Amino acid sequence: MTQLIQILLPRYDQAGEAFPSDKFEKIKRELAHRFGGVTAYVRASAHGLWKAESGELISDEVAVFEVMAEEIDPDWWSNYRNQLELLFDQEEIVIRSNPIRLL
């Protein structure tokens, strides 16, 4: 079954500065090359709200990258997630997959 894989990346660093667009372009090219296509929601970012351990509500914006694949290689995705966490200086990057049925 076809899987839709979504990568949620922060738009801003810890200091509140926007990440340069070339980081997102590099990821878009990598994913397009590996999966044959990619959809990136970078300019129309998603707005999130989450609760920190301190109880404070934190607002953030994320760029969403989507690819479709027939099979998922867990080792490749784990390594890729680790690379993204280093690139964006994040404790955790969310990469999720959902089965889809094309209509």
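The values are calculated or read from the model by the stated rules, or taken from the named source; none is laboratory data. Bear in mind that the values here come from a model prediction, so they are computed numbers and not experimental data. When we count neighbours, we look across all protein chains shown, and the Cβ atoms used for this are built from the backbone with ideal geometry, even at glycine. For accessibility, only protein heavy atoms count, side chains too; no ligands or nucleic acids. Shrake-Rupley method; radii C 1.70, N 1.55, O 1.52, S 1.80 Å.
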*Hey, could you check segment 1-16 for residues that are assigned to a loop (DSSP other than H, G, I, E, B) and not aliphatic (A, V, I, L, M) and say which is surrounded by the most Cβ atoms within 10 Å (Cβ to Cβ)?*
11
*Residues being surrounded by 11 or more Cβ atoms within 10 Å (Cβ to Cβ) and more than 15 Å from the chain's Cα centre (by Cα): count how many of those fall in segment 74-88.*
0
*Could you figure out which of (1) touching a residue at least 40 places away in the same chain (Cβ under 8 Å); (2) at positive phi isn't true of residue 55?*
(1)
*asked:* So, in segment 17-30, exactly how many residues are assigned to a loop (DSSP other than H, G, I, E, B) and either open to solvent by less than 50 Å² (accessible area, probe 1.4 Å) or touching a helix residue (DSSP H, G or I) at 6+ places or on another chain (Cβ under 8 Å) (or both)?
replied: 1
_Subset tally (residues that are part of a loop (DSSP other than H, G, I, E, B) and either closer than 23 Å to residue 22 by Cβ or of a type in the set (Gly, Ala, Ser) (or both)) for segment 72-88_ = 1
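Applying the selection to segment 89-103, what residues are surrounded by 11 or more Cβ atoms within 10 Å (Cβ to Cβ), in a loop (DSSP other than H, G, I, E, B) and out of contact with any Pro (no Cβ under 9 Å at 6 or more places or on another chain)? Spell out the reasoning first.
Let us first name the residues in segment 89-103 that are surrounded by 11 or more Cβ atoms within 10 Å (Cβ to Cβ), namely 90, 93-95, 97, 100.
After this cut, where a residue has to be in a loop (DSSP other than H, G, I, E, B) as well, the list is 90, 93, 100.
The one that is surrounded by 11 or more Cβ atoms within 10 Å (Cβ to Cβ), in a loop (DSSP other than H, G, I, E, B) and out of contact with any Pro (no Cβ under 9 Å at 6 or more places or on another chain): 100.
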_Restricting to segment 31-73, name every residue that is hydroxyl-bearing (Ser, Thr, Tyr) and surrounded by 10 or more Cβ atoms within 10 Å (Cβ to Cβ)._
39, 41, 45
